[in-house]
Amino acid sequence: MTTLHMEHPSHTHTHGADCGHTAVPHGDHTDYAHDGHLHREHSGHWDECEADGHVAHEGHPHQHGAECGHESVLHGDHVDYLHDSHRHAAHAGHWDDH
């Protein structure tokens with residue numbers, strides 16, 4: 001899975017520990033959930049941080065939902081759940097890693 005480099009040029013807000021947006025660990029960096037998408041700092045600016053492609057999370061028996069105990073993050077037209085340092089999203093009867 002690769003991450004697309006899509007700069008978010010009009011993003012003047014600086015994310016950090018006290019910015020009020022959900023921090024999401026993502027590999028070697030931290031994403032911030034903001035306005036239904038994820039931002040990451042990159043070379044002095046903010047990028048959209050979206051995975052390229054479909055990666056199913058095999059062997060995930062846990063069902064996420066309102067009462068599952070995992071933090072939910074609005075992501076475009078669906079909800080991701082923060083679980084084990086990554087995001088899960090329901091997709092076609094299974095869970096995807098985002």
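The values are calculated or read from the model by the stated rules, or taken from the named source; none is laboratory data. What you are looking at is a predicted structure, and each value in this text was computed from that prediction instead of being measured. Glycine also receives a Cβ, built like all others from the backbone with ideal geometry; neighbour counts cover every protein chain displayed. Accessible surface areas use protein heavy atoms only, side chains included; no ligands, DNA or RNA. Shrake-Rupley method; radii C 1.70, N 1.55, O 1.52, S 1.80 Å.
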For THR14, are the conditions met, namely being free of Cβ contacts under 8 Å to residues at least 12 places away in the same chain and either of a type outside the set (A, V, I, L, M) or crowded, with 18+ Cβ neighbours inside 10 Å (or both)?
-> yes
TYR32 is checked against (1) aromatic (Phe, Trp, Tyr); (2) in contact (Cβ under 8 Å) with a residue 24 or more places away in the chain; (3) in contact with a Cys (Cβ under 8 Å, 6 or more places away or on another chain) and fails just one. What number does that condition carry?
-> (2)
When region 62-73 is examined, which residues are found to be open to solvent by 50 Å² or more (accessible area, probe 1.4 Å) and either modelled with pLDDT under 80 or among the small types (Gly, Ala, Ser) (or both)?
-> ALA66, GLY69, SER72
What is the residue count in region 71-98 for residues that are farther than 19 Å from GLY27 by Cα and over 12 Å from the mean Cα position of the chain (by Cα)?
-> 6
Is at least one residue of region 47-57 open to solvent by 30 Å² or more (accessible area, probe 1.4 Å) and modelled with pLDDT of 75 or more?
-> yes
Just give me the residues in region 76-89 being touching a strand residue (DSSP E or B) at 6+ places or on another chain (Cβ under 7 Å), part of a strand (DSSP E or B) and either open to solvent by 70 Å² or more (accessible area, probe 1.4 Å) or not hydrophobic (A, V, I, L, M, F, W, C) (or both), in sequence order.
-> HIS78, ASP80, TYR81, HIS86, ARG87, HIS88
